[in-house]
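These notes are about the structure you will find just below.
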Protein chains: 4
Amino acid sequence: MSGNTFGKLFAVTNFGESHGPAIGCVIDGCPPGMELSEGDIQPDLDRRRPGTSRYVTQRQEEDKVEILSGVFEGRTTGTPICLLIRNTDQRSKDYSEIARKFRPGHADYTYFEKYGLRDPRGGGRSSARLTAPMVAAGAVAKKWLALKHGTTFRGCMQEIGEIRIPFESWEHVPNNPFFAPVADVSALESYLDGLRKSGDSCGARLRVTASGMPVGLGQPLFDKLDAEIAYAMMGINAVKGVEIGAGFASVAQHGSTHGDSLTPQGFATNNAGGVLGGISTGQDLEVSIAIKPTSSILTPRDTIDVDGEATQVITKGRHDPCVGIRATPIAEAMLALVVMDLALRHRAQCGDVASPLAPIPGSAA
Amino acid sequence: MSGNTFGKLFAVTNFGESHGPAIGCVIDGCPPGMELSEGDIQPDLDRRRPGTSRYVTQRQEEDKVEILSGVFEGRTTGTPICLLIRNTDQRSKDYSEIARKFRPGHADYTYFEKYGLRDPRGGGRSSARLTAPMVAAGAVAKKWLALKHGTTFRGCMQEIGEIRIPFESWEHVPNNPFFAPVADVSALESYLDGLRKSGDSCGARLRVTASGMPVGLGQPLFDKLDAEIAYAMMGINAVKGVEIGAGFASVAQHGSTHGDSLTPQGFATNNAGGVLGGISTGQDLEVSIAIKPTSSILTPRDTIDVDGEATQVITKGRHDPCVGIRATPIAEAMLALVVMDLALRHRAQCGDVASPLAPIPGSAA
Amino acid sequence: MSGNTFGKLFAVTNFGESHGPAIGCVIDGCPPGMELSEGDIQPDLDRRRPGTSRYVTQRQEEDKVEILSGVFEGRTTGTPICLLIRNTDQRSKDYSEIARKFRPGHADYTYFEKYGLRDPRGGGRSSARLTAPMVAAGAVAKKWLALKHGTTFRGCMQEIGEIRIPFESWEHVPNNPFFAPVADVSALESYLDGLRKSGDSCGARLRVTASGMPVGLGQPLFDKLDAEIAYAMMGINAVKGVEIGAGFASVAQHGSTHGDSLTPQGFATNNAGGVLGGISTGQDLEVSIAIKPTSSILTPRDTIDVDGEATQVITKGRHDPCVGIRATPIAEAMLALVVMDLALRHRAQCGDVASPLAPIPGSAA
Amino acid sequence: MSGNTFGKLFAVTNFGESHGPAIGCVIDGCPPGMELSEGDIQPDLDRRRPGTSRYVTQRQEEDKVEILSGVFEGRTTGTPICLLIRNTDQRSKDYSEIARKFRPGHADYTYFEKYGLRDPRGGGRSSARLTAPMVAAGAVAKKWLALKHGTTFRGCMQEIGEIRIPFESWEHVPNNPFFAPVADVSALESYLDGLRKSGDSCGARLRVTASGMPVGLGQPLFDKLDAEIAYAMMGINAVKGVEIGAGFASVAQHGSTHGDSLTPQGFATNNAGGVLGGISTGQDLEVSIAIKPTSSILTPRDTIDVDGEATQVITKGRHDPCVGIRATPIAEAMLALVVMDLALRHRAQCGDVASPLAPIPGSAA
């Protein structure tokens, strides 16, 4: 209710601050009996971890996850799974400069107005560091969905700043620090090196998908699958836009081309992005998100201080020049959490039984 | 939980089907003591009503709202407000043709797979007709927000199919059937007349805003104001994309230009769209949504029937050639419901007290 | 959140006032495909209906239920089921006497303090009349539980005022106006006739049970089966105490006698009342509740008025001398709603699969 | 939803097992700006701690609480407060005897049936040890309620097994290991010493109260204050009965005596126990609960094993001969959590404003 729990039946309660002693989450509602260890979770955390290239923040955090509860003799028990990640590289003194000033584009102004308090330590609760526990929880959801339904999740970079990245192949994604689906990332390296030198930042556009989707997930009116995806994606730090399937391109489409034809062999296209009437079709989920440029930059900006007086601010410390880069595993995790929650909700109402119509094969797209 | 209640503290439970005896909603959590009558609600319903021009469905529905509970001697009592709208122009026989076939781009396939049942009467529960109770509930929220905070909501058309509509003035919006902010809508009329003759449909792009926003609304991690907006908008029938503020344009922006400078006189720009860190800044909320073309069209489409056999389908009956046209009051209502719910949630945790910093004046944008 | 929705996955939102135009509820989350008509619901409403004997209120209400949504061609569709009951015998003028005075033991004082408004029409929202929609919703839950799990619900009177009623047989319950499990109710008739003549009222104690319970329902820490039952029962108007199994008698028991032995043929006793650790054992659920005497009586009482001045009040109009009499079908319905919700919640997390251990046979008690 | 979160606006998510590495909770929704340190929480934990007398389990746990998040520079920030308590005295080997047998009156049977897994380490999740985080969360609620409303909470023992304890004075309660309101507890000592020697256990009856209650808390239909109290109390391990005010004694009362007269100086009596129509009257809350005897005893009992075969079981290890003894601080904490949550919910809907009528003075009882 106060906005720190994600999901209703696979409910993830997140806690911690960027520069407090620890961050973590409690997963409530995980089905019992699934094999689970830290080894299932750590790889996704490592993909999101800071300090892995010069294009991301140089803060050094191992992000080692510890399972505090909910697993006994290597299997989930059906009771709450607490995942803890200790913070190790807090340097709160970096933030003295900005303790009384508001950064344009940053949450420090709104937090101060909302709560009447200022926690300047790395953004406190508004830091993207709080996505780490979601990545951890997402790994648990991914495992269950893969075992139960064969569903898998992937993401990649589509644009960084002014640079559009063509889609060559998923296989390139793990081989470069940008999650780019291309073999040659030299143009991206040059672009971001230039940006860093200028003390500036840029936005990004990501694609995230799910394959092997069960048919029939999503609630009909308000917890539609696409609405839950939009909620999850827009909730990731710095996201300003979300598209499903054809997205904004559907504005200029006609009904005679937008609607994906059904054939006995499957859907002919995937303008729907895997969702019709808020419910999964079995096609791949196709989601695209826009991420704004980092607000913590070295370029001086006009602003006000806590007394309302005009001033200027620059943000030193360790920041991502493009927060979008590390967002790929985050977006995958959030998509997995949405699907997981709706899978359990579907099962509650409709049971474990098969659909009346054999689902048609996956999208031909 | 089953997806028919919107909001947590100002909770609206929606019921009914397009061709059942009635549709409606129950509002739980409305503050007590507010003057309220059907006269506060009917005007917004009339803006959404079908049959008002040749560019929308010709179904004739008065959409007269009846307050069944929660109001005594002209004031809200704090108990549930049931709003009922009787259906009067159901013609279920129009749907016999499609009772066993799935319309490309329509929810009939996914509903059948999910529930194992088919309600072909105008889409049953998946019909956009179910937005009427939300418009009614939104009118109640709008009234309270206007009285309490001076917040107001407006929406207009930005694009219809391939036609971009320049923003001239809000004052034109009520004077044409397209909610277009332009004086001359002849180009839109010609475009849509052509589309109707060809038996096809098109998409649309809408803008919806809130002015006079309180500062500090929105929860920090998962029920962010922008996440809740994305959820609400993507939940409107046929919406495929949502942007807040600069939206997808922020991808190519730099941090030095995207972040809105703060001055003692207010924010210099509004790339944020009124939200930072998921919490309202006091700037205008700026939202843009993409609506796909109607799937119920006269053009024949390839599809399958309930036995999985290949066939073709055309949809007769009465349908909107551009469902986006009537979506403006719907989007306004959903935005009002989001703000209302977060206003009450903010009050629960932080009380009715003033912000520590006097909010800076509204956006200069 | 505002307290008018019962249940989470089988969620019943209640609306209406005693003397408004209508009362009703919306059931969200009913599994699809179940045959359902008004005929499944009306019998339980008729058992609760006022005016059926001289021992209950003489208000004449047919309590005819109308299904407004969620059922198509005689089967539930999985979408919200709205049940409407029109009020027909409102006589608001009966309440002029008490419009400015608070009745000792009545909710009119607390409603006035909470909402700042007074709806004297039969108690408005605090009236026991609002249990009628719950009885209707309970009938839907009972039907699904009987079909799916073979679970059945029964209730009977244990005490009326100072009179203890021995348990003779369930078969007597429908044959007298007191839901008493005895053949001869002449003592109860005399007692209540005397009470009515003296212008007074009395309390009651009821027993309600469920047989054929699935094993494993209930959440481990906070939504324990017994906690949910206590919540549901204490939420019925006028209830002041709830016991499960041995209840308050367990205080003086020893562990060596209280714990029900397990044998291959079943539990030897049922001190648990069907619940261990908050989870159903498969034994019968055994619940007992205390209902206070009606506060609306003809005997004059000391009180204050809305200005805080001392005065006296008597309550004319039509009231039950023992509200406990009509509470039996209400308590059954609430118990059924608890079991239904937990059955769906169990299915969400643990699936439709059988228990690892074949449940031992039902209680030998 | 899966039953490990208590409260809606002051939401406490509990995690951990009796013999895992740690237990704890996350509080979401605490108002910002309140001074808070471990020193506010530890005293209540110390009152509940095991090993403090020979009448409770000899397990040695310091129960030191650590605040992991949500507090900055000594004040709550409005973001989630994670409280961690490390387990230090786990001796899992004590449980080898019972790993394959079900204890009569214990949750091990139902957990096995529900989840298909057995965690014999001290009951795993069903252990009363999990009440420690609730006592910690309750201390936070108590502090806020004392500061904001002047509300205070107290509890005491009323009966232990067959022994009724007269109420002499609240001041005796902290001076004996039984929370008994009497100066001389020698009879209790003898009784319990005898019970321990015989390898048996007994039940208890507790009273818990709140003074200085705000008027108007509680929701009208389903989240009534008394219903929430019943839910909270019945959710405490081993509780089998709950009474509010006159409780089961109200069955034999008449309306002319049960209803508490209102006078300009306050209520004349408190049969209501502080609640009318589910809403607080401002009188003291008066709650009484029945706690069953501990199921883990040295006396041999008939039971079955996980293969369904008949056997006998005795429970060695360290157990409370009367779990009710340490339940007093638990019941106080749960009552405080109920009042806290409803206080925030009331504020959401009705604001921080004063009641229309000045509340009448506290109960004269």
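Odds and ends about this structure:
- Across the stretch B:153-166, a minimum of one residue is classified as out of contact with any helix residue (DSSP H, G or I) (no Cβ under 7 Å at 6 or more places or on another chain), loosely packed, with under 13 Cβ neighbours inside 10 Å and charged (D, E, K, R).
- Top-ranked residue of the stretch D:287-299 - restricted to ones that are facing chain C (nearest Cβ under 7 Å) and among the hydroxyl-bearing types (Ser, Thr, Tyr), ranked as nearest to the chain's Cα centre (by Cα): D:294
- Flag set for residue D:3, criterion: within 14 Å of chain C (Cβ to nearest Cβ), within 20 Å of the chain's Cα centre (by Cα), without any contact (Cβ under 8 Å) to a residue 12 or more places away in the chain and not in a strand (DSSP E or B).
- Residue that is more than 30 Å from residue D:8 (Cα to Cα) and either of a type in the set (Lys, Arg) or in contact (Cβ under 8 Å) with a residue 40 or more places away in the chain (or both), where the choices are B:279, B:289: B:289
- Within the stretch A:117-166, the set of residues being touching a strand residue (DSSP E or B) at 6+ places or on another chain (Cβ under 7 Å) and part of a loop (DSSP other than H, G, I, E, B) comprises A:117, A:119, A:151, A:161, A:165.
- Residue match in the stretch C:164-184 (condition: touching a Lys or Arg at 6+ places or on another chain (Cβ under 9 Å) and closer than 15 Å to residue C:285 by Cα): no
- Close pairs from the stretch D:232-255: first facing chain C (nearest Cβ under 7 Å) and closer than 16 Å to residue D:134 by Cα, partner of a type in the set (D, E, K, R) and in a loop (DSSP other than H, G, I, E, B), Cβ under 9 Å, at least 6 apart: D:234/C:224; D:235/C:223; D:235/C:224
- Residue list for the stretch B:193-208, restricted to those being more than 8 Å from chain A (Cβ to nearest Cβ), at pLDDT 95 or above and either surrounded by fewer than 24 Cβ atoms within 10 Å (Cβ to Cβ) or over 19 Å from the mean Cα position of the chain (by Cα) (or both): B:207
- Within the stretch B:125-139, considering residues that are modelled with pLDDT under 95 and more than 27 Å from residue B:188 (Cα to Cα), the one surrounded by the fewest Cβ atoms within 10 Å (Cβ to Cβ): B:126
- For the stretch D:257-272, the candidate set comprises residues that are farther than 23 Å from residue C:158 by Cβ and among the hydroxyl-bearing types (Ser, Thr, Tyr); within that set, the residue that is nearest to the other protein chains (Cβ to nearest Cβ) is D:261.
- Evaluated against (1) out of contact with any helix residue (DSSP H, G or I) (no Cβ under 8 Å at 6 or more places or on another chain); (2) within 14 Å of another protein chain (Cβ to nearest Cβ); (3) surrounded by fewer than 19 Cβ atoms within 10 Å (Cβ to Cβ), residue B:211 falls short on exactly one condition, (2).
- Any chance residue A:39 is part of a loop (DSSP other than H, G, I, E, B) and either closer than 30 Å to residue B:268 by Cβ or free of Cβ contacts under 8 Å to residues at least 60 places away in the same chain (or both): no
- Of all residues assigned to the stretch B:99-122, at least one qualifies as being of a type in the set (A, V, I, L, M, F, W, C), closer than 27 Å to residue A:274 by Cα, away from chain A (no Cβ under 14 Å) and surrounded by fewer than 21 Cβ atoms within 10 Å (Cβ to Cβ).
- Matching entry among C:302, C:284, C:320 (being within 7 Å of chain D (Cβ to nearest Cβ) and surrounded by fewer than 24 Cβ atoms within 10 Å (Cβ to Cβ)): C:302
- Boolean, residue B:142 is crowded, with 22+ Cβ neighbours inside 10 Å, of a type in the set (Lys, Arg) and either out of contact with any Gly (no Cβ under 8 Å at 6 or more places or on another chain) or at pLDDT below 95 (or both): yes
- Pick from the stretch A:183-192, criterion in contact with a strand residue (DSSP E or B) (Cβ under 9 Å, 6 or more places away or on another chain) and not small (Gly, Ala, Ser), ranking: surrounded by the fewest Cβ atoms within 10 Å (Cβ to Cβ): A:191
- Set C:314, C:289: member being surrounded by 24 or more Cβ atoms within 10 Å (Cβ to Cβ) and touching a Leu at 6+ places or on another chain (Cβ under 6 Å): C:289
- Selection status of residue C:358, modelled with pLDDT under 90, hydrophobic (A, V, I, L, M, F, W, C) and over 29 Å from the mean Cα position of the chain (by Cα): yes
- Of the helices (runs of 4 or more DSSP H) entirely within the stretch B:185-279, those holding at least 2 residues that are of a type outside the set (A, V, I, L, M, F, W, C) and closer than 28 Å to residue A:296 by Cβ occupy B:225-234, B:255-258.
- Condition met for residue C:283 (in a loop (DSSP other than H, G, I, E, B) and either at negative phi or of a type in the set (D, E, K, R) (or both)): yes
The rows are residues; the columns are (1) crowded, with 24+ Cβ neighbours inside 10 Å; (2) over 30 Å from residue A:5 (Cα atoms).
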residue: A:237; (1), (2): no, no
residue: A:253; (1), (2): no, yes
residue: A:258; (1), (2): yes, yes
residue: A:267; (1), (2): yes, yes
residue: A:272; (1), (2): yes, no
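- Unmet criterion (only one of (1) out of contact with any helix residue (DSSP H, G or I) (no Cβ under 6 Å at 6 or more places or on another chain); (2) more than 10 Å from chain D (Cβ to nearest Cβ); (3) free of Cβ contacts under 8 Å to residues at least 60 places away in the same chain) for residue C:32: (1)
- Going through (1) surrounded by fewer than 24 Cβ atoms within 10 Å (Cβ to Cβ); (2) within 9 Å of chain C (Cβ to nearest Cβ); (3) not basic (Lys, Arg) one by one, residue D:352 falls short only on (2).
Results for (1) closer than 30 Å to residue A:341 by Cα; (2) buried (at least 18 other Cβ atoms within 10 Å of the Cβ); (3) of a type in the set (Asp, Glu); (4) modelled with pLDDT under 85, shown as yes or no for each residue.
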residue: B:6; (1), (2), (3), (4): yes, yes, no, no
residue: B:20; (1), (2), (3), (4): no, yes, no, no
residue: B:24; (1), (2), (3), (4): yes, yes, no, no
residue: B:35; (1), (2), (3), (4): no, no, yes, no
residue: B:44; (1), (2), (3), (4): no, yes, yes, no
residue: B:61; (1), (2), (3), (4): no, yes, yes, yes
residue: B:78; (1), (2), (3), (4): no, yes, no, no
residue: B:83; (1), (2), (3), (4): no, yes, no, no
residue: B:87; (1), (2), (3), (4): no, yes, no, no
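- Positions within the stretch C:123-156 being over 13 Å from the mean Cα position of the chain (by Cα), within 19 Å of residue C:287 (Cβ to Cβ) and either of a type outside the set (Val, Ile, Thr) or within 11 Å of chain D (Cβ to nearest Cβ) (or both), in sequence order: C:141, C:142, C:145, C:146, C:149
The values are calculated or read from the model by the stated rules, or taken from the named source; none is laboratory data. Note that the structure is a prediction, hence the values are computed from the model and not measured. Note that each Cβ is placed from the backbone with ideal geometry, even for glycine, and that neighbours are counted across all protein chains shown.
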